[in-house]
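Engineer: Here it is, the structure, as structure tokens.
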Amino acid sequence: MLRTKVFNLMARNGPSRLMSTATKLTTVEVNDKTGIATLTMCRPPVNGLNLELLKDLSTSIAEIESNKSRGLILTSSNATIFSAGLDILEMYQPEKERIRAFWTQLQEVWLALYGSSVPTAAAINGHSPAGGCLLATSCEYRVMLPKFTIGLNETQLGIVAPKWFMASFLSVLPQRQAERALNQGRMFTTEEALQIGLIDETANSKEEAVEKCAAFIGTFAKVNPLARALTKQQFRSADLQQLENERQDDLEKFLFFVNQPAVQKGLGIYLEGLKKKSKK
């Protein structure tokens, strides 16, 4: 994986160009002046991370890695939700082959985003619980709009966050704060997230958030991209390698856990609660 990214970096030269592509549930648009790619999640109503969205995210990240993009900004087409996290319907009464593909694809997305060779930033323009927080903390920089929440709240749903979820959280927060927040399943307001360092800046609009993300990526303009990428990946190599080495075991643990009767009951209760809310 690292070797491929290094070759891509060595080939990344010449002027930036406008390139806009779209898959079913994501879009990628490269600014012709800055060379920075904006990757937008577009799965109504809440960007729930199902198998198809995860596949599109993988495809889009791979595209950004292989073209001349100078950085990646992750955001949402939804005005109030960055991503609501993993799609519960993928885990409730799951179909055997699909649930395996779903978790494997989630692993792929995390490895690609957390280990990306280009600078990454998240313009968090809405609520970002669970898997949404995972995506945001997998990026190197986070800018969030006010009056939203972010956090890994898996324990509130009766779910245990795997070690690589924790790795993203620990790359941002001190261990004591991260452990407490994970155990409590705590969601932080924008102001609280800024105070503890879970996000880096706030913005009053999505456009401003994207601009601030681009400004962060611009701080690397005079830095050798290969040296920057290798430095980043050395910092993150232990986390990335651990998942690479334990992918099958991680998958089997997830499958065992998600199929437990108590977990399925909890997911069913949660879905019923969502149905009741939608009828009000």
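Engineer: Could you tell me what percent of the DSSP beta bridges with both partners in the chain are antiparallel, to the nearest 5?
Structural biologist: Approximately 35 percent, going by the DSSP bridge assignments.
Engineer: For the range 214-248, state which trypsin sites (Lys or Arg not before Pro) are in a DSSP loop and have at most 12 other beta carbons lying within 10 Å of their beta carbon. Let's see the in-between values first.
Structural biologist: Values: sites: K222, R228, K232, R236, R247; in loops: K222.
Taking the range 214-248 and a limit of 12 other Cβ atoms within 10 Å, the loop trypsin sites (Lys or Arg not before Pro) found are K222.
Engineer: When a/c reaches 1.5 or more, the comparison of a/b and b/c decides; with that in mind, is the range 160-279 rounded, prolate or oblate per its Cα gyration tensor?
Structural biologist: It is oblate, given that a/c is not under 1.5 and a/b is not larger than b/c.
Engineer: Grab the DSSP H runs of the chain that are 4 residues or longer, score each as -39,500 (n - 2.57), total them, divide by all residues and round the 222 nm result to the nearest 500 deg cm²/dmol.
Structural biologist: Result for the chain: -17000 deg cm²/dmol, rounded to the nearest 500.
Engineer: Then there is this: How do 126-135, 40-49 rank on mean C-beta neighbours within 10 Å, highest first?
Structural biologist: With the highest mean Cβ count within 10 Å placed first, the list reads 126-135, 40-49.
Engineer: Same structure again: Return a whole-number percent for the relative contact order of the range 80-180, with Cα pairs under 8 Å and 6 or more residues apart as the contact set.
Structural biologist: Here the relative contact order equals 28 percent.
Engineer: May I pose another question? List the aspartates and glutamates whose Cα sits under 19 Å from the Cα of K277, skipping any in the same chain fewer than 8 residues away.
Structural biologist: Filter leaves D87.
Engineer: For K279, list the lysines whose Cα falls under 27 Å from its own Cα; do not include residues on the same chain fewer than 8 positions away.
Structural biologist: Once the sequence-local lysines are set aside, what remains near K279 is K147, K265.
Engineer: When the chain is fully extended, how far beyond the present Cα-Cα distance does E179 get from N204, taking 0.36 nm per residue of separation?
Structural biologist: Gain in length upon complete extension: 6.0 nm.
Engineer: Counting pairs of Cα atoms in the range 60-157, how many percent are more than 18 Å apart?
Structural biologist: Of all Cα-Cα distances in the range 60-157, 51 percent exceed 18 Å.
Engineer: Volume per residue, Å³, of the convex hull around the alpha-carbon atoms of the chain?
Structural biologist: So the per-residue hull volume is 126 Å³.
Engineer: With every protein chain left in place, what is the accessible area per residue of the chain in square angstrom, probe 1.4 Å?
Structural biologist: 48
Engineer: Follow-up question, since we're still on this one. Near A79, within a Cβ-to-Cβ distance under 13 Å, what is the net charge of the other residues, with Lys and Arg +1 and Asp and Glu -1?
Structural biologist: So the environment of A79 carries a net charge of +1.
Engineer: Mind checking which lysines have their C-alpha under 17 Å from K222, skipping anything on the same chain fewer than 8 residues away?
Structural biologist: K33, K68, K232
Engineer: Compute the signed sum of charges (Lys and Arg +1, Asp and Glu -1) over the other residues within less than 15 Å, Cβ to Cβ, of E208.
Structural biologist: 0
Engineer: Sticking with this one: Quick check: from the Cα gyration tensor, does the range 112-179 come out rounded (a/c under 1.5), prolate or oblate? Don't skip to the end; give the middle numbers.
Structural biologist: Values: a/c = 1.70, a/b = 1.15, b/c = 1.47.
Oblate, because a/c is 1.5 or more while a/b does not exceed b/c.
Engineer: May I ask what percent, to the nearest 5, of DSSP beta bridges between residues of the range 84-242 are antiparallel? If you can, show how the numbers build up before the last one.
Structural biologist: On the way: 2 of 10 bridges.
Of the beta bridges lying entirely in the range 84-242, close to 20 percent run antiparallel.
Engineer: Using alpha-carbon positions, what is the distance between the centroids of the range 157-195 and the range 238-280, in Å?
Structural biologist: If we compute the Cα centre of each part, the gap is 17 Å.
The values are calculated or read from the model by the stated rules, or taken from the named source; none is laboratory data. Since this is a predicted model, take the numbers as computed values, not measurements. Cβ atoms come from the backbone with ideal geometry, glycine included; neighbour counts cover every protein chain shown. To get the accessible areas, we keep the full protein, side chains included, count just its heavy atoms, and leave off ligands, DNA and RNA. Shrake-Rupley method; radii C 1.70, N 1.55, O 1.52, S 1.80 Å.
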